[in-house]
Amino acid sequence: MAERLLEVKNLTTDFHTFRGRVRAVDGISFHLDKGEVLGIVGESGSGKSVANLSILRLIEQPGVVSSDGVLFKGRDLSGLDARSMLKIRGKEISMIFQDPMTSLNPLYTIGSQIEEMLLLHTDLDDKGRKARCAELLAMVGITNPEERLRSYPHQFSGGMRQRVVIAIALAADPCLIIADEPTTALDVTIQAQILRLMERLVSRAGASMILITHDLAVVSRMAHRIAVMYCGRIVETGPKRMVIKSPAHPYTRGLLGSIPRMSADQRRLDPITGMVPSLLDLPSGCAFSPRCPRSQPICERGVPPEIKLDGGRSVCCHFPQLENL
Amino acid sequence: MINYIIKRIAHAAIVLAVVSVVIFCLTTYIGDPVNMMVSEKASAGTRELVRQQLGLNEPLPVQYWIFLKNVMNGQFGHSYTYKIPVIGLILERLPATLEMVAVSIVLAVVIAIPLGVFAGAFPKRGISRIIMASSLFGASLPTFFVGMMLILIFAVNLGWLPSSGRGPSSVVMGVRLSINDPAGIRYMILPALTLAFANLAMLIRLTRAGMMEVMRHDFIRFARAKGVSERDVMFKHALKNALIPVVTVFGMEIGSLIAFTTVTETIFAWPGLGKLLMDSIYASDRPVIVVYLLLTAVLFVVLNFIVDMLYTIIDPRIDLR
Amino acid sequence: MPSRAETRGPSNPSMLSRIAASEFTRDFLSNPSAVAGAIIIVFALLVVLIGPHVVPQNPYDLKEINLADAYKPPIGFAGSSLKFPLGTDNQGRDILSSLVYGCRISLFIGIVGVLISCVVGTTLGLVSGYYGGKLDSLIMRIADIELSFPSILIALFMMSVFGRGIDKLLIALTAVSWVVYARTVRGDTLGVKAKEYVEAARVIGLPDRIILVRHVLPNVTTSIIVLSTLNVGGFILAEATLSFLGVGVPVTRPSLGLLVKNGFDVLFSGYWWVAVFPGLFIMVLIFGINLLGDFLKDELNPRLK
């Protein structure tokens, strides 16, 4: 039985804005085992980033986070005091942000920003830290590490900056890494490189990862399990192969169906009709019902229940589809 | 880098030339030097003689040229009122102004920056709103009113501090200072505070605005995700970024600071350059006015230059090509 | 699903009712400092308009003052008189009345000065931004030079050359404040110039001045409004400072600043009311203007929304 690393129970995040309450995350629950890679897939506005920031308690006013428990290695993160959270962040759980251009402080050298992690979370002495910084840069594939430590962020390209961010995230040997759209802001040619790097480093360290993305290709490569989010709710979870081969939720089907395929003989792509609704004005019942090709009156009346399927899958739908794609 | 410096210096020289012409021409309309130099009973013949000696009958461009040549030679003329070389007069008064300005800058920075950092990092808290309201209030206070009220409260009513003049001074390294004397400091407190006031409000608002702008950036959130404590996030990560616009504007505002010393020194009868200027204006002492303004112009050009250079040091992203 | 705004009917509500219902009014009414600022300004305007008819005397009419009334303290202190609620100065002039008349002058200089520098600065800015080229370089060069020196000092110098007087004050203050308008308007103009509808207007042959007035100017108004409001306060402050130093308004038409100066001269003799009340008035006035100006600045700034 794999060791359960993270258990999120009924996480909700509200933003109280002038225009009203925006429920960015609506009572989601998921878990992550040791050594696993969980891919969280969804479009912009689905709540995937907010959910993970909420776990680390990085949501600021006017956001309010509530849950029945965010258990990390058995401890409830939501109840910890601020100082204990500081020890968790960076050391036990670290994050990689989407845009490497803005993640690094422009006024400090790369070296000092990596060293900061070591200063905060390790006992290394001055020489030890410098050595480890160079080691980390080399590990993420940056040549001439000692020299590059003295450079400033603006002197690096996007891909290299993201490598530095990865180095920072791994510096204190965390057991969980949350990567929020780590390759979205990069050139397509670089994306594959960075993904391969992350895959290698995470498995080598024996760490677990939550990989947040809107790109199904990324998830299909790296994840062990997938959770699909729509409008703040998790609509489907399951092992990667099953979710991709036989998605049970119409939204997941739609996402997969709108990917152009080399093999099949397609004349036109099958996009999902309609647009993602504004979180200020969500449809009643199932949030996806206005766009769903299979919706019935009951879909608009009641929030769909969570149905557990075999193989460790679950889906939130009144009429889940059980056939293969 | 060298090219940039040369270009800036050339630019500065042109500015100075233009400004000097303007100053020189306009001051010819202030008062009548002849009246200042001869007694009222002098005859028309004597007056004409004096006019010729002073070169006042020459056409304006020639007068300017003579003036320029004198300046190049280090001859800045003599004050009509004091009858001593203007340069001597200015150098005599300079330390007084400098020490007061220095103290007021330190006061302003020490008070304003922490307040601004706090208000910028926690903009919605009650204390921050109070800080901002007070700074807006402070910005509406005319300097002369502040000075006056300080005198009224602390000097006239409470009698704690002296209301005017400079305290006992002694010569340190060839310069006459009063800051090294505790009695001297007593005289300096109210004027320095008045001057600091003028800048407090602006510094607080600038620092706050800079902080608010910076706190929104991703690297702040990333620093938090790294486990950096909130205090370090504010003072190590955010502040350095927030200070960039502060330094720029403050550099430009040092000008106003110097202008406000005029008011402050007049109110407190502080024997510095500001008071010298006002006294000279009242007395139509042309040479002093011209030289004072010229030196001020030089000061500003140099100041702007330094601020530009400082800017490039603080922000490594600035590429001078 | 259409939001509430989109489902409003096709009617054409009047401008006034649109303003009243707009977000601007809502934000304004819910912001206590903005409302306070507006109240102060309205009060000041009332003082200017109605004041002379209400106060006991015209302090600058020699027939109405009496030396025997000199140095009466304000109400609440020994020796005061109900006729002079805020006391009198060294010539027996009622302080309250002096405040009213002084406020007129201060506000006059503030408002008229801002209007003039706004017109001058905006015109130069429009021309500079729209036509570009050598004219633009020249204007911006002059602006840069002027900006490298503190404006108060320039104004001080000019007034010492000109001598005292309200018209000279207006000239001097305009000469230093046009720059801010010109720069801002130029920036806005450059932004608008790049937009297609200006290109289109040119293509169909509209003459430049019509383009400037009809297309460019409306986009520039927001900045002008914000600048002007804050500038009125700045003007009043500058004038007060110059008058205090004795190079501002003439003695016959004292502004609030000059009143403070008069009071300052007798401060040490214990007659504090002569200086404090005009000073307080200036302070409150400028504070009110800054409050409102601050609100407008935040409100009309599209980026912060």
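Every number here is computed from the coordinates shown, using simple stated rules; none is lab data. On a predicted model such as this, the values are computed, not experimentally measured, just so you know. In this analysis, Cβ positions are derived from the backbone assuming ideal geometry, glycine residues included, and neighbour counts consider all displayed protein chains.
A few remarks follow.
- In terms of other Cβ atoms within 10 Å, A:Leu176, C:Leu291 run from fewest to most in the order A:Leu176, C:Leu291.
- Neighbours of B:Leu277, meaning other residues whose beta-carbon lies under 12 angstrom from its beta-carbon, give a summed charge of -1 when Lys and Arg score +1 and Asp and Glu score -1.
- For the stretch C:36-154, the C-alpha radius of gyration sits at 1.65 times the compact-globule guess of 2.2 N^0.38 Å, with N the residue count.
- Centre-to-centre separation between the Cα atoms of the stretch A:1-64 and those of the stretch B:43-116: 69 Å.
- Each Lys or Arg adds one and each Asp or Glu takes one away; over the other residues whose Cβ falls under 15 Å from the Cβ of C:Ala182, this sums to -1.
- Nearest-ten-degree value, helix A:110-121 long axis tilted from longest Cα axis of chain A: 80
- Cβ charges +1 (Lys, Arg) and -1 (Asp, Glu), total dipole of the stretch C:32-304, debye: 360
- Distance between the stretch C:19-88 and the stretch C:99-162 - C-alpha centres, whole angstrom: 30
- Fraction of beta bridges assigned by DSSP in the protein assembly as shown that are antiparallel (%, nearest 5): 65
- Max mean-square fluctuation residue, GNM over chain A, Cα-Cα springs under 10 Å, options A:Ile298, A:Ile96, A:Ile168: A:Ile298
- Taking the DSSP bridge list for chain A and keeping only pairs wholly inside it, about 65 percent are antiparallel.
- Only Cα pairs under 8 Å and 6+ residues apart enter the sum, and on that basis the relative contact order of chain A stands at 20 percent.
- In the protein assembly as shown, helical runs assigned H by DSSP with n ≥ 4 each contribute -39500 (n - 2.57); averaged across all residues and rounded to the nearest 500, the mean residue ellipticity at 222 nm is -18500 deg cm²/dmol.
- About its Cα centre, the dipole of the stretch A:34-169 is roughly 160 debye, where the only charges are +1 on Lys and Arg Cβ and -1 on Asp and Glu Cβ.
- Euclidean distance of C-alpha centroids, the stretch B:126-168 and the stretch A:281-325, integer Å: 68
- On Cα atoms only, tilt of A:188-205 relative to the major axis of chain A in degrees: 70
- Farthest toward the positive end of the dipole of the stretch B:181-270, out of B:Gly255, B:Gly227, B:Met211, is the Cα of B:Gly227, where the dipole comes from beta carbon charges about the Cα centre.
- Taking amide H positions as modeled 1.01 Å from N, with prolines and chain starts lacking one, the residues under 5 Å from A:Met229 and 5 or more places away or on another chain are A:Val41, A:Gly42, A:Val235.
- Lys/Arg +1, Asp/Glu -1 at C-beta; the stretch C:32-304 dipole; positive extreme among C:Gly110, C:Asn219, C:Phe43: C:Asn219
- When the Cα atoms of the protein assembly as shown are aligned to their principal axes, the ranges along those axes come out at 118, 69, 68 Å in descending order.
- For A:Ile178, the amide hydrogen comes within under 5 Å of the amide hydrogens of A:Ser94, A:Met95, A:Ile96, A:Ile210, counting only partners 5 or more places away or on other chains and with H modelled in the peptide plane.
- Each listed q (0.14, 0.23 Å⁻¹) maps to a log10 I(q)/I(0) for the stretch C:222-305 from the Debye sum over equal C-alpha point scatterers, namely -0.56, -1.00.
- Listed residue (C:Met159, A:Gly285, A:Gly79) projecting farthest to the positive dipole end of the protein assembly as shown, Cβ model: A:Gly285
- Here chain B is treated with +1 on each Lys and Arg Cβ and -1 on each Asp and Glu Cβ, and its dipole about the Cα centre works out to around 960 debye.
- Multiplying each eigenvalue of the alpha-carbon gyration tensor of the stretch B:1-156 by 5 and taking the square root yields semi-axes of 47, 25, 15 Å, largest first, rounded to whole angstroms.
- Ascending count of other beta-carbon atoms within 10 Å, so fewest first, for C:Ile166, C:Ile75, C:Ile105: C:Ile75, C:Ile166, C:Ile105
- Under the Debye formula (equal points on every Cα, no solvent term), log10 I(q)/I(0) of the stretch C:32-304 at q = 0.09, 0.13, 0.14 Å⁻¹: -0.51, -0.90, -0.99
- Span-rule helices in chain C, defined as complete DSSP H runs reaching 15 Å or more along the axis (Cα) with Kyte mean at least 1.0: C:32-54, C:95-131, C:151-162, C:217-244, C:273-299
- For the residue pairs A:Lys73/A:Lys130; A:Lys87/B:Lys240; A:Lys87/B:Lys226; A:Lys245/A:Lys308; C:Lys168/C:Lys297, the alpha carbons lie more than 19 Å apart in A:Lys73/A:Lys130; A:Lys87/B:Lys240; C:Lys168/C:Lys297.
- Cross-link partners of A:Lys48 among lysines, defined as those whose alpha carbon lies under 19 angstrom from its own and excluding same-chain residues fewer than eight positions apart: A:Lys9, A:Lys240.
- Relative contact order for the stretch A:20-81, counting Cα pairs under 8 Å that sit 6 or more residues apart, in percent: 24
- Order of B:Tyr82, B:Tyr29 - criterion: other Cβ atoms within 10 Å of each residue's Cβ, fewest first: B:Tyr29, B:Tyr82
- DSSP H segments from chain B that extend 27 Å or more along their own axis, Cα-based, with Kyte-Doolittle mean of -1.0 or above: B:2-27, B:86-121, B:182-215, B:239-268, B:286-314
- For chain A, the longest principal axis of the alpha carbon atoms and the long axis of helix A:126-139 meet at an angle near 50°.
- Percent breakdown of C-alpha pair distances by 10 Å bin, ordered from the shortest bin, for chain B: 5, 20, 25, 24, 16, 7, 2, 1, 0
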